[in-house]
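Student: One structure is given below, represented as structure tokens, and several questions about it will come after.
The values are calculated or read from the model by the stated rules, or taken from the named source; none is laboratory data. All figures in this text were calculated on a predicted structure; none of them were measured in a lab. Because the Cβ atoms are built from the backbone with ideal geometry, glycine has one as well, and the counts that use them run over all protein chains shown. We work out accessible area using only protein heavy atoms, side chains counted, and drop any ligands, DNA or RNA first. Shrake-Rupley method; radii C 1.70, N 1.55, O 1.52, S 1.80 Å.
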Amino acid sequence: MHIRYLGTSGFEMLVGNDLLIIDCYQDEPFSDLKGFEKILVLATHAHPDHFSMNIFDWLKKNPRIEYVLSSDIQEMSRGRVPAMAHVNYISPGQQLVTSGAQIRAFGSTDAGCSFAVSWYDSVLFHAGDLNLWDWKNEADAAFVREAEEAFAKILADVAGYVQEPDAAFFPVDPRMEIDYYRGAVLFAEAVRPKLFVPMHFGTTFDPPAAFYSDMEALARVASVKKRGDEFELRDL
């Protein structure tokens, strides 16, 4: 499986003649859509850095696309989805099988869902905006405590279902400044992904050395810096 970075929290996965796209909000993904037999497009929530109505324009290039979108997208896009689009909406706690993928939705500490996806021989987890958003530099102690409790609850649900996924895509957002990668470390401790793929980090992924020190025994960390970065899931 080849994985390509699409920016912010967007990725595409390629296996043979099939394509899986998650949280691409740009006008186009990286790959030319015309040649694929199956294309499955997922979106974790309606935030404009994760979802755009442009994804339905892709049907002009390949009418075989199937969509799995979080239920908050259904509310904001009502009446705007093309009649020809094959769309399933999903909420935390639900699961479905489509286009050869098994998808289970978990909660988020921001909006919409996070997804566990079984596709071909790989298990993937995409956090969406699930993270420990504690914002210590801006928030009071009560807000931080609530954020920690909310994250711990959802993380326990995820860890009870997903262990050692082949790849996990998770936010490492430096805007939080203080301990901004703590959510990533807690996630890796609980879930133990074989490959940890950072996202939602801005234009360049450049965490402090302490991040790599804390992650070293938990997961291999992918190098992701620009749109089009590619790496392969094989022999993990």
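Student: Condition first: open to solvent by 10 Å² or more (accessible area, probe 1.4 Å), among the polar types (S, T, N, Q) and under 17 Å from ILE22 (Cβ atoms). Now tell me which residues in the range 41-90 satisfy that.
Tutor: SER52, ASN54, SER71, ASN88 - these are the residues of the range 41-90 that are open to solvent by 10 Å² or more (accessible area, probe 1.4 Å), among the polar types (S, T, N, Q) and under 17 Å from ILE22 (Cβ atoms).
Student: Name the one entry in ASP157, ASP179, ASP206 that is among the acidic types (Asp, Glu), at positive phi and open to solvent by 10 Å² or more (accessible area, probe 1.4 Å).
Tutor: After applying the criteria, what remains is ASP179.
Student: If VAL117 satisfies every condition in (1) touching a Leu at 6+ places or on another chain (Cβ under 6 Å); (2) outside any loop (DSSP other than H, G, I, E, B); (3) open to solvent by 20 Å² or more (accessible area, probe 1.4 Å) but one, which is the exception?
Tutor: Every condition holds for VAL117 apart from (3).
Student: Checking ASP214 against (1) open to solvent by 10 Å² or more (accessible area, probe 1.4 Å); (2) more than 23 Å from CYS113 (Cα to Cα); (3) in contact with a strand residue (DSSP E or B) (Cβ under 8 Å, 6 or more places away or on another chain); (4) modelled with pLDDT of 95 or more: exactly one of these is not met. Which one?
Tutor: Only one criterion is unmet by ASP214, namely (3).
Student: Can you go through ASP57, ASP72, ASP27 and tell me which one is closer than 22 Å to VAL224 by Cβ, acidic (Asp, Glu) and not in a strand (DSSP E or B)?
Tutor: Going through ASP57, ASP72, ASP27 in turn, just one is closer than 22 Å to VAL224 by Cβ, acidic (Asp, Glu) and not in a strand (DSSP E or B): ASP27.
Student: Is it the case that the range 133-155 has a residue that's part of a strand (DSSP E or B) and of a type outside the set (Val, Ile, Thr)?
Tutor: Looking for residues that are part of a strand (DSSP E or B) and of a type outside the set (Val, Ile, Thr), one finds none in the range 133-155, hence no.
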